[in-house]
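So the structure is just underneath, and the comments pick up after that.
The values are calculated or read from the model by the stated rules, or taken from the named source; none is laboratory data. Keep in mind it's a predicted model, so treat the numbers as computed, not measured. Virtual Cβ from ideal backbone geometry, glycine too; neighbours counted across all protein chains shown.
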Amino acid sequence: MLKDSFKRPISYLRVSLTDRCNLRCVYCMPEEGVPLLHHDDILRYEEIVRIVRLAVEMGIHHVRLTGGEPLVRQDVVDLVAALSAIPGLDDLSMTTNGILLSRYAEALAQAGLKRVNVSMDTLKPERFKRITRMGTLDKVLAGREAALAAGLKPVKLNTVVVRGLNDDEVVDLARLTLQPDWHLRFIEVMPLGDGVHWAGDGMVSMREVREKIEAELGPLTPSRGTGAGIGPARYYRLPNAKGTLGFISPVTEHFCFSCNRLRLTSNGLILPCLLSNLAFDLRTPLRQGADDEMLREIFRQAVRSKPRQHHLAQQVPEAEAHILPMSCIGG
Ligand code: SAM
Ligand code: SF4
């Protein structure tokens, strides 16, 4: 088992496949997009497979593919097939904005993907367009249906809550979990990427979201669930609900003591923590012919360097914040 300097087991790797995206969510990137990586700087599939294989040999059990938007990367199904064939990788999942999911869900499931998380911040089509600047809500809902039909279960919806943008919808969104196959997680907006413009007064604490939901829909009872991207969620159920409600509070409560994850960016950096500027370059040595042991050692260094905790509640000093956009890191 892989453990960091604070004895936390490290078993989860988030892999960003691309910094490209077919949406421009207001809390993630500017309308014109972010400066893009050069194609040659993005890890090739065989490079990702080699890194993941080594990571799994060292103790990673769960890999989540993210981006940018992972489904805009060409031949993503081939990558899923290659990764799912790695012995010891128990769980291969994906976080997607869902726009292309109806096209790929069946093929992804056939290739060995287990589950998907779909980001969806509103149930109102006009508002969806305003938040994503170019998306169509119907496509996401169709993508979710296709994922369920393909057996990519559970499908969890991720909702970033922003004051004045969608905080008036948390009760309606929570109500969805009364039906079968609806699982939802609310996330506090973080001052990363274009989130810096929304996170101050726009940040709605998970405590406030919970209180609003409980006032209208009744008391929540704790439930079991699995980890999320930005930080572990706390899971609950509404009275008589079929699905779960998760709350992820990276800003107001940190869960660093139970953090089990590393991130691999699309340009081949290993990040020990989303909220620190520490980064370990795997791509350069890999392309210079490093053997497996040299790459493992870089991986171990990243694990050893995981900070004890972040200080987001006190604002991330600029020098400590990642200069990479969220779309390159993968959330
Ligand atoms: N494009 C895919 C998607 O949107 O699901 C995967 C990448 S996206 C960066 C991963 C997650 O990060 C999404 O759920 C998104 O809502 C979330 N995210 C992006 N910017 C954020 C911010 N400033 N604060 C909190 N969550 C953010
Ligand atoms: Fe794209 Fe996901 Fe960022 Fe939205 S949150 S712009 S879908 S990478």
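Can you work out which of the residues in segment 15-28 that are buried (at least 23 other Cβ atoms within 10 Å of the Cβ) and more than 9 Å from ligand 1 (Cβ to nearest atom) is nearest to I270 (Cα to Cα)?
Step by step, filter segment 15-28, then rank; the result is V15.
Taking interchain pairs and intrachain pairs at least six residues apart, which have beta carbon atoms under 6 angstrom, with the first residue in segment 192-208 and over 14 Å from R163 (Cα atoms) and the second within 16 Å of ligand 2 (Cβ to nearest atom) and modelled with pLDDT under 90?
Within 6 Å, the pairs are L192/M326; G193/P325; G193/M326.
Among the residues of segment 64-101, how many are within 16 Å of ligand 2 (Cβ to nearest atom) and not aliphatic (A, V, I, L, M)? Spell out how you get there, then give the answer.
Here is the first cut: in segment 64-101, the residues within 16 Å of ligand 2 (Cβ to nearest atom) are 64-73, 76, 93-101.
Next, from what is left, pick out any that are not aliphatic (A, V, I, L, M): 64, 66-70, 73, 93, 95-98.
Here the count works out to 12.
Count, please, the residues in segment 49-70 that happen to be part of a helix (DSSP H, G or I) and away from ligand 1 (no atom under 16 Å from the Cβ).
Going through segment 49-70, the residues part of a helix (DSSP H, G or I) turn out to be 49-58, 70.
Restricting the remaining residues to those that are away from ligand 1 (no atom under 16 Å from the Cβ) gives 49-58.
Number satisfying all stated conditions: 10.
Within the bounds of segment 8-22, is there any residue that is touching a helix residue (DSSP H, G or I) at 6+ places or on another chain (Cβ under 7 Å), of a type in the set (A, V, I, L, M, F, W, C) and within 20 Å of V189 (Cβ to Cβ)?
Yes: one or more hits.
Mind checking which residues of segment 79-103 are of a type outside the set (D, E), over 18 Å from S327 (Cβ atoms) and assigned to a loop (DSSP other than H, G, I, E, B)?
Within segment 79-103, A85, I86, P87, G88, L89 qualify.
Among what's in segment 34-43 and is exposed (fewer than 15 other Cβ atoms within 10 Å of the Cβ) and either without any contact (Cβ under 8 Å) to a residue 40 or more places away in the chain or within 11 Å of ligand 1 (Cβ to nearest atom) (or both), pick the residue that is nearest to I187 (Cα to Cα).
To start, the set of residues in segment 34-43 that are exposed (fewer than 15 other Cβ atoms within 10 Å of the Cβ) comprises 35, 38-41.
Subsequent filtering for residues that are either without any contact (Cβ under 8 Å) to a residue 40 or more places away in the chain or within 11 Å of ligand 1 (Cβ to nearest atom) (or both) retains 35, 38-40.
Working: P35: 26, H38: 31, H39: 31, D40: 33 Å.
In this case the residue turns out to be P35.
Condition check ((1) at positive phi; (2) aliphatic (A, V, I, L, M); (3) at pLDDT 95 or above) across all residues:
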| position | (1), (2), (3) |
| --- | --- |
| R8 | no, no, no |
| R14 | no, no, yes |
| C25 | no, no, yes |
| M29 | no, yes, no |
| L37 | no, yes, no |
| A55 | no, yes, yes |
| H62 | no, no, yes |
| L65 | no, yes, yes |
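Pairs, please: C-beta under 6 Å, at least 6 apart or cross-chain, first residue more than 18 Å from I99 (Cα to Cα) and among the hydrophobic types (A, V, I, L, M, F, W, C) and in segment 148-169, second part of a strand (DSSP E or B) and within 16 Å of ligand 2 (Cβ to nearest atom)?
V161/F186
Looking at segment 291-311, is at least one residue in a loop (DSSP other than H, G, I, E, B), surrounded by 15 or more Cβ atoms within 10 Å (Cβ to Cβ), modelled with pLDDT of 85 or more and touching an Asp or Glu at 6+ places or on another chain (Cβ under 7 Å)?
Looking through segment 291-311, at least one residue is in a loop (DSSP other than H, G, I, E, B), surrounded by 15 or more Cβ atoms within 10 Å (Cβ to Cβ), modelled with pLDDT of 85 or more and touching an Asp or Glu at 6+ places or on another chain (Cβ under 7 Å).
I'd like the full set of residues that are modelled with pLDDT of 95 or more, closer than 19 Å to L2 by Cβ and part of a loop (DSSP other than H, G, I, E, B), limited to segment 266-289.
Within segment 266-289, L282 is the sole residue that qualifies.
Report whether or not V170 is touching a strand residue (DSSP E or B) at 6+ places or on another chain (Cβ under 7 Å), in a strand (DSSP E or B) and under 21 Å from S223 (Cβ atoms).
Details: touching a strand residue (DSSP E or B) at 6+ places or on another chain (Cβ under 7 Å): yes; in a strand (DSSP E or B): no; under 21 Å from S223 (Cβ atoms): yes.
No: the conditions fail for V170.
Select from segment 195-227 the residues that are β-branched (V, I, T), closer than 21 Å to W182 by Cβ and surrounded by fewer than 16 Cβ atoms within 10 Å (Cβ to Cβ) and list them in ascending order.
T221
Go through segment 233-265 residue by residue and tally those that are surrounded by fewer than 22 Cβ atoms within 10 Å (Cβ to Cβ), modelled with pLDDT of 90 or more and not in a loop (DSSP other than H, G, I, E, B).
Matching residues across segment 233-265 total 4.
Quick one: Q74 ticks every box in (1) surrounded by 17 or more Cβ atoms within 10 Å (Cβ to Cβ); (2) modelled with pLDDT of 95 or more; (3) farther than 22 Å from N158 by Cβ except a single one, so which number is it?
Failing condition for Q74: (1).
Being buried (at least 21 other Cβ atoms within 10 Å of the Cβ) and either over 18 Å from R44 (Cα atoms) or of a type in the set (A, V, I, L, M, F, W, C) (or both) is the filter here; which residues of segment 266-278 pass it?
Filtering segment 266-278 for residues buried (at least 21 other Cβ atoms within 10 Å of the Cβ) gives 266, 268-275.
Across segment 266-278, the qualifying residues are L269, I270, L271, P272, C273, L274, L275.
Can you tell me how many residues within segment 104-137 are within 16 Å of V155 (Cβ to Cβ) and in a helix (DSSP H, G or I)?
So in segment 104-137, the residues within 16 Å of V155 (Cβ to Cβ) come out as 104-106, 108-109, 113-121, 123, 137.
Still in the running and in a helix (DSSP H, G or I): 104-106, 108-109, 137.
So the answer is 6.
Taking the condition in contact with a Gly (Cβ under 9 Å, 6 or more places away or on another chain) and farther than 26 Å from E31 by Cβ, does L178 pass?
So L178 fits the description; yes.
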